[in-house]
Amino acid sequence: MAKFQLLVRDEYGQTSIVDSSDNKLDLLKRGKKEVNSINAENALTDEDRKRNWEAYLVEFAPEENSESSGAIYAGKDGHGKNIFLNYNNDIEMLDNKTPGIIKIYLGELNKKNWYADDGRGREINVLSHPELTSKTFYYIRKI
């Protein structure tokens, strides 16, 4: 059976292992909890939180208003290409086959999932967006 790690890469490029498990969905939940803790569990107002978030986790949706496409972001390979894992069969996919609409999960605000936008209300849906640079991000890697 495959084993997975929840990893965090900080704004300085340092990577750390947060947790290991054979269940990638449990790691995904843990990653969401970590991101929510960083971005939403603080003394800032909701408006300040929206402007000053620090960490994210990449999610995918196959179409508008869908929960998930069945893929997990797995960081970058040695050549800088994005890697994605399939929920069901652990197959790695490279970024020329992005598995759905990218959504940048930031936590929960007012009991709703909170996703990154560009400050003008347009959701960020590319991993190369400038707003994502110098931010901490969580991802799951197959080991």
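The values are calculated or read from the model by the stated rules, or taken from the named source; none is laboratory data. Since the model is a prediction, treat every value here as computed from it, not as a measurement. FYI the Cβ positions are ideal-geometry reconstructions off the backbone, even for glycines, and counts take in every protein chain you see.
General remarks:
- Test: residue in the range 52-60 that is at pLDDT below 90, on the phi < 0 side of the Ramachandran plot and in a strand (DSSP E or B): yes
- Selection from the range 8-29 of residues that are closer than 16 Å to Ile72 by Cα and among the small types (Gly, Ala, Ser): Ser20, Ser21
- When the range 100-121 is limited to residues that are more than 13 Å from the chain's Cα centre (by Cα), assigned to a loop (DSSP other than H, G, I, E, B) and within 21 Å of Thr136 (Cα to Cα), the one that is modelled with the lowest pLDDT turns out to be Gly119.
- Pair list, Cβ under 7 Å, 6 or more apart: the range 102-125 residue more than 25 Å from Ile83 (Cα to Cα), other residue surrounded by 15 or more Cβ atoms within 10 Å (Cβ to Cβ): Glu108/Asn36; Glu108/Ala40; Glu108/Trp114; Leu109/Ala40; Leu109/Arg49
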